[in-house]
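The values are calculated or read from the model by the stated rules, or taken from the named source; none is laboratory data. Keep in mind the model is a prediction, meaning the values are calculated, not measured. Glycine gets a Cβ as well: all are built from the backbone with ideal geometry, and neighbour counts include every protein chain shown.
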Amino acid sequence: MANNISIHVEPIKAQGHPDKMIASLMSLIERGVLKEGDILPPERDLAKQFRVGRNALREAIKVLEVYGLVERKTKVGTIIRRSTMDNVIKFAFAGLPATPKVFDEIQSFRLVLETGIAASVVERIDPPTIAKLTGFIERMGATDDMREQALCDYDFHATLVAVSGNSIIIRVFEVLSEPIKRLMELGKGRNGATFAQEIHRKLVTALKQRDAAVYAATMREHLDAGRRFLGTDRD
């Protein structure tokens, strides 16, 4: 059963910055002031406490809803959902700045992760999954929309990670999903999309041949090239 709750928040001094409201509500969740099942005060009351307009407050709550931290129910209000560590960490990583340094750090991490699971991916791959991967490559080449290309790229790699069967790695990759997608989109400038299709086809070929060494080397080539590409593209 949901519980109505009274909370205290500091007024927002700078207008038009929902991130400050998000940070305040996140702090209450992390500290356990707001628990699963608690209902936030009515919008008019909470907006008054923050000293912001209701539209700005709704924007902040919408962000928390996207990350699964709250749920809005008609005639009930905004309810705190089970605040798992995955949600909290995912939310934090979503705000990483899209800079060459951040991209390089994420690519370095992915290099360790995605080459490390090469043997298990090759061992567990099956024809339906290869067909699924091929479909992502075809979709990537069928659109000029860089965001859509990035989503296909992410889904391709997320599928490979899922094939590994390692639940911890799967969770970590999901937690980093938003910055990975955003940085993949930045990497699609110039000829990035063309290179992405080519290198993904090489990965599929290695999987079909069940050659873990070639697969790992190709993945390394892919992620290393991505680091160089964005660094050049952003200079």
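In table form, for the structure just shown:
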| quantity | calculated |
| --- | --- |
| Lone qualifier among Thr194, Thr159 - being assigned to a helix (DSSP H, G or I) and in contact with a Gly (Cβ under 9 Å, 6 or more places away or on another chain) | Thr194 |
| Residue list for segment 113-151, filter: more than 16 Å from Val161 (Cα to Cα), touching a helix residue (DSSP H, G or I) at 6+ places or on another chain (Cβ under 8 Å) and in a helix (DSSP H, G or I) | Ile137, Arg139, Met140, Gly141, Met146, Arg147, Glu148, Gln149, Ala150 |
| Extreme residue, nearest to Arg139 (Cα to Cα), among residues of segment 169-225 that are among the hydroxyl-bearing types (Ser, Thr, Tyr) and at pLDDT 95 or above | Thr205 |
| Qualifying residue in segment 142-149 (condition: within 23 Å of Val112 (Cβ to Cβ) and assigned by TED's automatic domain parsing to the domain that holds Asp104) | no |
| Exclusive hit being modelled with pLDDT of 75 or more, surrounded by 15 or more Cβ atoms within 10 Å (Cβ to Cβ) and out of contact with any Cys (no Cβ under 8 Å at 6 or more places or on another chain), set Ile5, Ile79 | Ile79 |
